[in-house]
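Quick notes on the structure that follows.
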Amino acid sequence: MAKKSDQVAANRKARFEYDILDRFEAGLVLTGSEVKSVREHKVSLSDSYARLQSGELYLINLDIAPYERAGYAQHEPRRPRKLLLHRKQLRRIAVKLEQRGLTMVPLAMYFSDSGWAKVTLGLARGRQLHDKRRVIREREEKRDMARESRAFR
């Protein structure tokens with residue numbers, strides 16, 4: 001995973017909506033205007049997911065805002081974008097996605113040290129409403145305990 005400073009976008013809602021079972025790092029196939037827009041942090045990962053189509057993995061509903069100075073070479077903001085993974089990883093993901101209730105969601109987008117756009121994907125299972133409430137309760141209890149321990153110092 002990349003350092004916080006290199007991170008372009010994060011899907012904070014995904015960690016609340018899903019239980020993350022496994023993580024994968026994938027490259028993204030982007031056009032020039034998309035790369036420039038991503039460098040300006042004009043990306044939204046919410047509501048996006050990865051889907052396997054004809055043996056390749058695509059990121060659906062990833063919103064990259066149009067680049068203002070692109071001119072005629074503008075890109076479509078929500079087009080499906082191909083993800084670059086090794087064949088072995090793709091086979092492993094395909095087997096896991098066939099299981100009922102599992103999906104691939106993007107967790108973070110960043111630029112690697114070599115300058116390539118990367119996305120961290122999470123193999124996830126959706127949470128029920130009562131699971132979300134339990135997570136909120138546990139987080140608040142943890143916060144209260146930390147507050148109490150600081151008060152006794």
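Before we move on, is Gly55 buried (at least 21 other Cβ atoms within 10 Å of the Cβ) and not aliphatic (A, V, I, L, M)?
No.
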For segment 24-48, the count of residues that are β-branched (Val, Ile, Thr) and more than 12 Å from Asp63 (Cα to Cα) equals 3
Kindly list, by first and then second residue, each pair from a residue in segment 129-153 that is among the aliphatic types (A, V, I, L, M) to a residue that is at pLDDT below 85 and not in a loop (DSSP other than H, G, I, E, B), limited to pairs with Cβ atoms under 8 Å and residues at least 6 apart or on different chains. Val135/Phe16
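For residues that are within 23 Å of Leu30 (Cβ to Cβ) and assigned to a loop (DSSP other than H, G, I, E, B), tally how many sit in segment 83-105.
2
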Per the filter on segment 4-36, residues surrounded by fewer than 18 Cβ atoms within 10 Å (Cβ to Cβ), in a helix (DSSP H, G or I) and among the small types (Gly, Ala, Ser) are Ser5, Gly32
It is to be established whether one or more residues within segment 67-83 are modelled with pLDDT of 90 or more, surrounded by 15 or more Cβ atoms within 10 Å (Cβ to Cβ), under 19 Å from Ser114 (Cβ atoms) and of a type outside the set (D, E, K, R). yes
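The values are calculated or read from the model by the stated rules, or taken from the named source; none is laboratory data. What you see is a predicted model; the values in this text were computed from it and never measured. All Cβ positions, glycine included, derive from the backbone under ideal geometry; neighbour counts span all protein chains shown.
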